[in-house]
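S.K.: One structure, as C-alpha cells, below. Some questions next.
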Amino acid sequence: MKKLKNEALLVKEALRIGAVYAKSRGVGEFENTDSAKAKVEYLYRLLVHDKLVQPLAKDQENEPNMKHKLALWISRQLPADHPLLKD
C-alpha cells in the first residue's frame, strides 16, 4: 500500500464529505464528541455497505488501511484540478 500525497488531508476531506453523505442517506450524523477513529471506521463500513469501496480483507481491517481506503475514495470523487490532488 503506497501512501498517497496529502493522504492525511484527503482523509480529513473524506470525513467531511462522508458526514454529509451519511446524513443525506439518513443513517446517522457525526457528533463533535465522536473520535476520529470511530468516524473513520463508521464511514468505511458505510461505504463498503453501499458498495462504493472495495472491502479490505478481514485481517487487513485496521485504522491505517481504512484511512487509506477513504483517501482513495475521496481522491476519485474530487475534480482533477482540486488542490489536494496536485503534485
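The values are calculated or read from the model by the stated rules, or taken from the named source; none is laboratory data. Model, not experiment: these values are computed from the prediction. Cβ placement follows ideal geometry from the backbone for every residue including glycine, while neighbour counts extend to all protein chains displayed.
S.K.: Out of all the residues in the stretch 34-43, is one or more in contact with a helix residue (DSSP H, G or I) (Cβ under 7 Å, 6 or more places away or on another chain), among the small types (G, A, S) and modelled with pLDDT under 95?
M.R.: No, the conditions are met nowhere in the stretch 34-43.
S.K.: A follow-up question, please. For the stretch 38-49, which residues satisfy the criterion of being touching a residue at least 12 places away in the same chain (Cβ under 8 Å) and either farther than 18 Å from E13 by Cβ or out of contact with any Leu (no Cβ under 8 Å at 6 or more places or on another chain) (or both)?
M.R.: E41, Y42, L46 - these are the residues of the stretch 38-49 that are touching a residue at least 12 places away in the same chain (Cβ under 8 Å) and either farther than 18 Å from E13 by Cβ or out of contact with any Leu (no Cβ under 8 Å at 6 or more places or on another chain) (or both).
S.K.: Say we look at the stretch 45-55 and pick out the residues that are more than 20 Å from S35 (Cβ to Cβ) and of a type in the set (A, V, I, L, M, F, W, C); which of these is surrounded by the fewest Cβ atoms within 10 Å (Cβ to Cβ)?
M.R.: The extreme case among them is L52.
S.K.: Now, a different point. Exactly one condition in (1) modelled with pLDDT under 95; (2) in contact with a Leu (Cβ under 9 Å, 6 or more places away or on another chain) is false for A80; which is it?
M.R.: (2)
S.K.: While we're here: Pairs, please: C-beta under 8 Å, at least 6 apart or cross-chain, first residue modelled with pLDDT of 90 or more and in the stretch 1-21, second not in a helix (DSSP H, G or I)?
M.R.: Between residues of the stretch 1-21 that are modelled with pLDDT of 90 or more and residues that are not in a helix (DSSP H, G or I), the close pairs are L10/L4; E13/L78; L15/F30; A19/E29; A19/F30.
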